[in-house]
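Note sheet for the following structure.
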Amino acid sequence: MERITYRLDNIFANRPEAKYYVLISLTGGLVFIGAYIYTLVANDGAETIGSALWIAWKAVISGDDAPDESRIARLVTTGMVLCGMVLTATLFGLIDESMGNKVEELKKGKSKCIEVPNSSFKSI
């Protein structure tokens, strides 16, 4: 377990964009798993996978509730909504971290500066 943690930390340190790829993968996995579970519990399995994917996508991204009136279907979509809220909070944290890192780079003077001669101060 420590090796896996070390490798993940190493990947995230060397490739900051990897965090976003993991977040996108988790979101996609949540949508597919939520849609599969929703097809099992909604209307005794009469829901198509396409409409279940759409319902799961809306639940994860916007917090929309299930159109089905059964309690178990609403429980599944509530779980998807809560997981979507965690993923959204993680996204905001990643954005905040990357902006903070950029501000620190600017404070330390590590940004590239391209000097252009100013034409208004020509020597006479």
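The values are calculated or read from the model by the stated rules, or taken from the named source; none is laboratory data. Computed from a predicted structure; not experimentally measured. Neighbour counts run over all protein chains shown; Cβ positions are idealised from the backbone, glycine included.
Of the residues contained in the stretch 8-17, none is found to be over 18 Å from L87 (Cα atoms) and in contact with a Ser or Thr (Cβ under 6 Å, 6 or more places away or on another chain).
Do we find that S98 is modelled with pLDDT under 80, over 30 Å from Y38 (Cβ atoms) and out of contact with any helix residue (DSSP H, G or I) (no Cβ under 6 Å at 6 or more places or on another chain) in this structure? Judged against the criteria, S98 is not a match.
Please state which of the following conditions F12 fails to meet, knowing it meets all the rest: (1) exposed (fewer than 14 other Cβ atoms within 10 Å of the Cβ); (2) over 19 Å from A89 (Cα atoms); (3) modelled with pLDDT under 85. Going through (1) exposed (fewer than 14 other Cβ atoms within 10 Å of the Cβ); (2) over 19 Å from A89 (Cα atoms); (3) modelled with pLDDT under 85 one by one, F12 breaks only (2). Residue count for the stretch 24-64, restricted to those that are acidic (D, E) and either modelled with pLDDT of 90 or more or surrounded by 14 or more Cβ atoms within 10 Å (Cβ to Cβ) (or both): 2.
Residues are listed down the side, and each one gets a yes or a no for (1) touching a Leu at 6+ places or on another chain (Cβ under 7 Å); (2) within 27 Å of D96 (Cβ to Cβ):
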position: M1; (1), (2): no, no
position: F12; (1), (2): no, yes
position: K19; (1), (2): yes, yes
position: A35; (1), (2): yes, no
position: T39; (1), (2): no, no
position: I55; (1), (2): no, no
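Residues in the stretch 65-106 that are in contact (Cβ under 8 Å) with a residue 12 or more places away in the chain and part of a loop (DSSP other than H, G, I, E, B): 5 in all.
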